[in-house]
1. Any chance you could count how many residues in region 151-174 are among the aliphatic types (A, V, I, L, M) and either touching a Phe, Trp or Tyr at 6+ places or on another chain (Cβ under 9 Å) or under 18 Å from ARG249 (Cα atoms) (or both)?
2. Can you tell me which residues in region 87-119 are polar (S, T, N, Q) and either away from the ligand (no atom under 16 Å from the Cβ) or buried (at least 21 other Cβ atoms within 10 Å of the Cβ) (or both)?
3. Residue check, TYR145 against (1) of a type outside the set (Val, Ile, Thr); (2) at positive phi; (3) buried (at least 21 other Cβ atoms within 10 Å of the Cβ), all met but one. Which one?
4. May I ask you to list the residues in region 132-167 that are among the basic types (Lys, Arg) and within 16 Å of the ligand (Cβ to nearest atom)?
5. Take the residues in region 218-256 that are of a type in the set (Val, Ile, Thr) and surrounded by 16 or more Cβ atoms within 10 Å (Cβ to Cβ); name whichever of them is farthest from LEU186 (Cα to Cα).
6. Can you give me the number of residues within region 233-248 that are farther than 16 Å from ILE195 by Cβ and in a strand (DSSP E or B)?
7. Six or more apart or on different chains, Cβ atoms under 9 Å: show the pairs whose first residue is in region 29-47 and among the basic types (Lys, Arg) and whose second is more than 6 Å from the ligand (Cβ to nearest atom) and outside any loop (DSSP other than H, G, I, E, B).
Amino acid sequence: MPELNYDLPLFRPPSEAYSLILQVTIGCSHNACAFCGMYKTKKFRVKEWSEIEVDITLAAREMRHARRIFLADGNALAMSTSGMLHLLGRLYRAFPFLERVSAYAGPKDILNKSGEELREIRQAGLEILYLGVESGNEEILRQMYKGVAPEEMIEAGQKAIQAGFKLSVTVINGLGGRAMLREHALDTARLLSQIDPHYLGLLTLMPVPGTVLEKRITRGEFELPGPLEILAEIKLMLENMQLSNCIFRCNHASNYLPLKGTLSKDQAALVTLLENVLKNPAQYRLKPEFLRGL
Ligand code: SF4
């Protein structure tokens, strides 16, 4: 990886581990979610074109053969449509072997663009959008300051897919705490069924020091579900989702039990596995607390 002018910390989805990371925006334009500490040290801005150009020139010299580029930070789709189109054109010219460009997107970034603008951006080569759905429950989204209601999240997800993007969404198990475990599972299953994303990743809540949520936990206002409660939540979610051909991953470092499959064919087997684990947890190796996140 060339020494680009990164404003750290830098985050990317696990599936972009081998991509060239090009930072075109700094931070997250929302930066308010109660559970998230990713960009707390940064003030959101779109980088100046002169700064982006320096990085592209440097990266093109050292990584001319890059096939994948991930646009950081938290929601590069917040860029103007004209800026994004200019950027994509420049990238495909500078990297002749480039196959795909991807970025995180917030629901409002998608909703703020017209269907026509999204289609233009897709055709210019932005292929995958990573959208943090977190929960399908209205009260949980409100308590977590996500900034949108479930119906807006559904609209954003459907709009991205209609424009031709591959949509990868993440959900956070445990986000309703013990109190709203069932509502979180059922409403998230409903929301995911309506979006019908191409990829679904489940993470398990790990409180981040200094966040609003961590303070609520310390004050006893939010109770973290235990490992078996989380697995029961995942089972309930899987039992109630109808997705057409979704690649499912629950093998993030935060998860207690690695699970993966293609939901159209593996959903029943995943539910049976979870049923067995819940009946006989001692027979399975759940990740111990001290190894989570590693
Ligand atoms: S939108 Fe994403 S990056 Fe921004 S604060 Fe929320 S979880 Fe963090």
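Quick note: the coordinates plus some simple rules give every number you see, no bench work behind them. If you're wondering where the values come from, they're calculated on a predicted model, not measured in any experiment. Neighbour counts are summed over all protein chains in view; Cβ atoms, including those assigned to glycine, are modelled from backbone coordinates with ideal geometry.
1. So in region 151-174, the residues among the aliphatic types (A, V, I, L, M) come out as 153-154, 156, 160-161, 163, 167, 169, 171-172.
Then drop every residue that is not either touching a Phe, Trp or Tyr at 6+ places or on another chain (Cβ under 9 Å) or under 18 Å from ARG249 (Cα atoms) (or both), which leaves 167, 169, 171-172.
Number of matching residues: 4.
2. Within region 87-119, the first condition is being polar (S, T, N, Q), and the residues that meet it are 102, 112, 114.
Passing the criteria: SER102, SER114.
3. For TYR145, the failing item is (3).
4. Restricting attention to region 132-167, the residues satisfying the condition of being among the basic types (Lys, Arg) are 142, 146, 159, 166.
The answer is ARG142, LYS146.
5. In the first step, residues of region 218-256 are kept if they are of a type in the set (Val, Ile, Thr); the result is 218, 230, 234, 247.
Filter again for surrounded by 16 or more Cβ atoms within 10 Å (Cβ to Cβ), leaving 230, 234, 247.
Values: ILE230: 13, ILE234: 10, ILE247: 20 Å.
Restricting to residues being of a type in the set (Val, Ile, Thr) and surrounded by 16 or more Cβ atoms within 10 Å (Cβ to Cβ), the top hit is ILE247.
6. 0
7. From region 29-47, the pairs are LYS42/ILE26; LYS43/ILE26; ARG45/THR25; ARG45/ILE26; LYS47/GLN23; LYS47/THR25; LYS47/ILE26; LYS47/ASP55.
Here is a yes/no grid of residues against (1) in a helix (DSSP H, G or I); (2) away from the ligand (no atom under 16 Å from the Cβ):
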{"position": "GLU53", "(1), (2)": "yes, yes"}
{"position": "ALA60", "(1), (2)": "yes, yes"}
{"position": "HIS65", "(1), (2)": "no, yes"}
{"position": "LEU71", "(1), (2)": "no, no"}
{"position": "LEU85", "(1), (2)": "yes, yes"}
{"position": "ILE121", "(1), (2)": "yes, yes"}
